[in-house]
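Below is one structure, written out as structure tokens; the observations come after it.
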Amino acid sequence: MERVLIVEDSLTLSRGLSRLVSAQLGMEPVPALSLRAACQLLDQADPPFLAALVDLHLPDAQGMEVLDAIAPFGVPTIVLTATFDDLTRREAIKRQVVEYLVKDSPAVADFVVRLLTRLDRNRRQRVLVVDDSRLVRHALRTLLERQNLRVTEASCGQEALALLEQAPDIRVMLTDFNMPGMSGDQLTHRIRQRRKRQDLAIIGISAGDSEELTSRFLKSGANDFLTKPFSDEEFNLRLMQNLEYLEHIAELRDTAARDHLTSLYNRRYFFERAPALLRQTPVAVAMLDIDHFKRVNDTWGHGAGDEVLRQVSRLILAHLGDTGMVARFGGEEFCALLPRTGAAEALERMDHLRLFIEQTAIVYGDEDLHITLSIGIAAGEEETLDQLLRASDEALYAAKEGGRNRVVDRAPAHAEAWHVREVPR
């Protein structure tokens, strides 16, 4: 569990912040009522704190003395102070705090939640900085790493294009306009031919303040634009908004790709993603069906049927989701596509799953429901998706006809030479 240090001498505020961190973020709040206590906790922290929420008025230290003492520990610091003072704010920003906030409204609590959420998620985000000036790249890297982001640098457009090819996990790119060989808007245009706005956020940066320059960047496909000189606060807020935009789009996509009851992928998304996985040969496709599912609904009701579908889905995903794609095809039928998996390995994994389902009770109210699966497998290296689905469906039919609660493998080396193998029970 992530831990957040709360350096606040007011017990009321400390408890309020602790409840906020615990209830809304699921993180562990660690209070410190003085600077001395905070430094002791920071010195002993293993692993380090995700962040520190710090008041500037403590019993044993005031103002910048607090930040100067905490800075050597390298923990991302959010200042929470009771009064606004522009000089103090500027001095705090110079000391590379993440944000300077005034405790003057309930909205501050919501922003603290956003900041801590962002710091947590940023450790899994990668940002590319493109600028021909080493000093500028270093300055931007400092700002980004302060936000827990992983940073990659490029000194020109061609280098940036190569890095994006090598690292598809880069989610944000910051690019200068004036660079030798390829300007920032030209680089943006090239990138947009490969990656969309919802997959990679591009923020243009330039010392020029003309409206034409901003328009050129945005028309080329940039998500945002910053004019130098900009404040650290503006930079951080623009960055946060673009990262939140990407995450919002990803959440919408994921929701559209999921079955609402089981949270497995739905049939539509299965057919969208399958072609890419089919290239990772050999490939196995398995059709899975819950045995006597109608009997569950007729005996215990549709609520029990829904619970069986949810729990069986979780068990299937736990066994197969790490290496392949699992989708609900409809009703009580599921489909798994396993790339780089031959017939023998697929047979072993599916029978292990079948046996686990058989031995696991599905709890519904006071009832322990015992469920079994019938599974049909088809594996190959040159078959189309339609061929593999048809073959696995026929194998599933054979498993049902053979008595259920079994795995049947139809491994189509050639369509006319299919054979059936059945796992002994």
Gain in span if fully extended, VAL136 to THR255, counting 0.36 nm per residue against the direct Cα distance: 38.9 nm
Length gained when the stretch ALA276-ASN178 is fully extended (0.36 nm per residue, less Cα-Cα span): 31.5 nm
Between helix 267-278 and the chain: long-axis angle, C-alpha atoms, 0 to 90°, nearest 10: 90 degrees
For the stretch 95-141: span of alpha carbons on each principal axis (Å, largest first): 43, 24, 14
Lys pairs under 24 Å by Cα in the chain, provided they are eight or more residues apart or on distinct chains: 5
Where N is the number of residues in the stretch 267-422, Cα Rg divided by 2.2 N^0.38 Å: 1.01
Distance between modelled label sites at ASP60 and ALA162, nm, 7 Å Cα→Cβ extension: 5.3 nm
Order of HIS302, HIS352 - criterion: other Cβ atoms within 10 Å of each residue's Cβ, fewest first: HIS302, HIS352
ALA71-GLU401 FRET efficiency (beta carbon distance; Förster radius 56 Å; 0.05 resolution): 0.20
The stretch 6-112: C-alpha gyration tensor shape, a/c 1.5 cut-off, then a/b vs b/c: rounded
Around LEU278: net Lys/Arg minus Asp/Glu count, Cβ-Cβ under 15 Å: -1
Angle between the chain longest axis and helix 232-257 axis [Cα atoms, degrees, rounded to 10]: 10 degrees
Whole-angstrom gap from the stretch 217-240 to the stretch 40-94, using each part's C-alpha centre: 27 Å
Residue of ALA276, ALA37, ALA222 that the Gaussian network model of the chain assigns the largest fluctuation, springs spanning Cα pairs under 10 Å: ALA276
0 to 90° range, to nearest 10: angle between helix 134-146 axis and the chain longest Cα axis: 70 degrees
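What value, in deg cm²/dmol to 500, does the helix sum -39500 (n - 2.57) over DSSP H runs of n ≥ 4 give at 222 nm once divided by the residues of the chain?
Only helices count here, giving -15000 deg cm²/dmol.
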Cα pair distances exceeding 40 angstrom across the chain, given as percent: 42 percent
ALA107-THR227 FRET efficiency (beta carbon distance; Förster radius 25 Å; 0.05 resolution): 0.35
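Each reported figure results from applying straightforward, stated rules to the coordinates on display, with no laboratory input. Given the structure is predicted, the values throughout are model-derived calculations rather than measurements. FYI the Cβ positions are ideal-geometry reconstructions off the backbone, even for glycines, and counts take in every protein chain you see.
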